[in-house]
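Report on one structure; see the data block that follows.
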Amino acid sequence: MSKSSSCCGCISPKCIAWCIGIVGTFLITYGFVRVMRNYTATPDLTAARATERAKNLKDLRAEENKVLSEYAWQNKEKGFVRVPVDRAIELTLAEYKDPKALRAEMLKRVEKLNEAPPAPPAP
């Protein structure tokens, strides 16, 4: 006669031990992952970084606006001045009315800007 097929007859104690071991291993691994997440979690820096970036951008824009809209010395020794953009456009358009004079003036400026520094004193 053949064995009766019942629900509990085909599961051996060895199979139950293996199942408990596998489920236990997964539970232990899950516990370790949860603990490690708590130890390795980084603090939320979004708000602090956002305010820092906004401040840096505001400072950068203020500096750019200052450079583009105010007079300042570019190179005081050589006599070069930084002028606001609107005024520079006006001056450039006025200079372009006479192209030959503009070319001569530009060449003088380039030579003056790129002139060699003075020789060092003799020892």
Can you tell which of ASN65, ASN56, ASN38 shows the greatest fluctuation in a Gaussian network model of the chain with Cα springs below 10 Å? ASN38
Roughly how many debye, to the nearest 20, is the charge dipole of the chain about its Cα centre, given +1 on each Lys and Arg Cβ, -1 on each Asp and Glu Cβ, and no other charges? 620 debye
Using a 10 Å Cβ count of at most 15 others and DSSP loop calls, identify the longest part of the chain lacking such chymotrypsin sites (Phe, Trp or Tyr not before Pro). 1-70
Grab the beta carbon distance between MET36 and ARG61, set R0 = 35 Å, and tell me the FRET efficiency rounded to 0.05. 0.25
Got a sec? Charge dipole of the chain, +1 on Cβ for Lys and Arg, -1 for Asp and Glu; which of ALA47, VAL81, ILE20 is way out at the positive end? ILE20
Helix 85-95 sits off the longest principal axis of the Cα atoms of the chain, rounded to the nearest 10 on a 0 to 90 degree scale, by 40 degrees
Simple SL model, points at 7 angstrom along Cα→Cβ for TRP18 and GLU115; separation in nm is 9.4 nm
Of LYS55/LYS112; LYS66/LYS108; LYS58/LYS78; LYS78/LYS100, which pairs sit farther than 30 Å apart, going by alpha carbon to alpha carbon? LYS55/LYS112; LYS58/LYS78
In degrees, nearest ten, helix 99-113 long axis to first principal axis of the chain (Cα): 70 degrees
Which longest run of the chain has no exposed loop site in it, a site being GluC sites (Glu not before Pro) in a DSSP loop with at most 11 other beta carbons within 10 Å, and the site itself not part of the run? 1-69
Taking a cut-off of 26 Å between Cα atoms, list the lysines near LYS14, but don't count ones fewer than 8 places away on the same chain. LYS3
Relative to the longest principal axis of the chain, what angle (0 to 90°, nearest 10) does the C-alpha long axis of helix 13-40 take? 20 degrees
Entry for Cα extents along the principal axes in Å (calculated from the structure that is shown) out of (i) 31, 31, 24; (ii) 120, 50, 33; (iii) 37, 27, 24: (ii)
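Since every read-out is calculated from the coordinates, none of them should be taken as a lab result. Because the structure is predicted, anything quoted here is derived from the model rather than measured. For neighbour counting, all protein chains shown are included, and Cβ atoms are generated from backbone atoms with ideal geometry for every residue, glycine included.
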